[in-house]
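The values are calculated or read from the model by the stated rules, or taken from the named source; none is laboratory data. From a predicted model like this one, the values you see are computed outputs, not experimental measurements. Backbone-built Cβ (ideal geometry, glycine too); neighbour counts: all protein chains shown.
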Amino acid sequence: MSAVSRGFTIIEALVVVAILGIFASLAAPSMADLLAAAAVRGASSDFYASLAAARSEAIKRRANAVVAPIGATWNTGWTVKIGSNTFQQVDALKPRVVVEPSTPTSITYGMNGRVSAGAQTIKFSDSVRTGVPKRCVSVDTNGLPRVRTGC
């Protein structure tokens, strides 16, 4: 009687591992771009949502709503305040996300939903991956926030 071979040889297993390693090395750069783009998109979407919430609450409560940075820059996070009450707080952004302008100005919505100061544009980008498109969140004097890609 002859013995029946079952399973894989060590050579076959090493070939499969080598092929998987080659595929992983090809996918790694695009995965890094994907993660960087997701961080920039997430930060700009959070800022847009905060502006929309501030505008909505200002109209609903017939009071001023202020979107202000927590620290010296937007990177440290921001709050939405109505009077002295904090309505919403967003934590600090991921370290690689860059926000321009570096000296932020608070955005105040009046009870009519309009911005009391002039129009502003906040740009979000990645500090390492320059191929990741910038995202701009702009708010005009009417108070409507907008998000654009590649600004």
Handout entry: Cβ pairs under 7 Å, 6+ apart, first in region 42-67 and closer than 25 Å to Asp126 by Cα, second among the basic types (Lys, Arg) and surrounded by 16 or more Cβ atoms within 10 Å (Cβ to Cβ)
Key = Ser44/Arg135
Practice task
Evaluate region 73-83: report whether one residue or more is among the aromatic types (Phe, Trp, Tyr) and either in contact (Cβ under 8 Å) with a residue 40 or more places away in the chain or within 25 Å of Ser127 (Cβ to Cβ) (or both).
Solution key: yes
Exercise for the section: Could you tell me which residue of region 78-96 is surrounded by the fewest Cβ atoms within 10 Å (Cβ to Cβ), considering only residues that are farther than 19 Å from Lys134 by Cβ and out of contact with any helix residue (DSSP H, G or I) (no Cβ under 7 Å at 6 or more places or on another chain)? Expected result: Ser84
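Please go through region 128-151 and pick out each residue that is of a type in the set (A, V, I, L, M, F, W, C), in a loop (DSSP other than H, G, I, E, B) and buried (at least 16 other Cβ atoms within 10 Å of the Cβ).
Result: Val132, single match.
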Exercise for the section: Being of a type in the set (Asp, Glu) and within 30 Å of Arg148 (Cβ to Cβ) is the filter; apply it to region 1-53 and report the residue that is surrounded by the most Cβ atoms within 10 Å (Cβ to Cβ). Expected result: Asp46
Problem - Qualifying position, being within 15 Å of Gly42 (Cα to Cα), outside any strand (DSSP E or B) and among the charged types (D, E, K, R), among Lys123, Lys94 - result: Lys94
Problem - Conditions (1) modelled with pLDDT of 95 or more; (2) over 17 Å from the mean Cα position of the chain (by Cα); (3) small (Gly, Ala, Ser); number of the one not met by Ser50 - result: (2)
Problem - Qualifying position, being at negative phi and part of a helix (DSSP H, G or I), among Ala68, Ala63, Ala27, Ala72 - result: Ala27
Exercise for the section: Kindly check whether there is at least one residue in region 61-77 that is within 21 Å of the chain's Cα centre (by Cα), loosely packed, with under 11 Cβ neighbours inside 10 Å and either within 24 Å of Arg148 (Cα to Cα) or of a type in the set (Ser, Thr, Tyr) (or both). Expected result: no
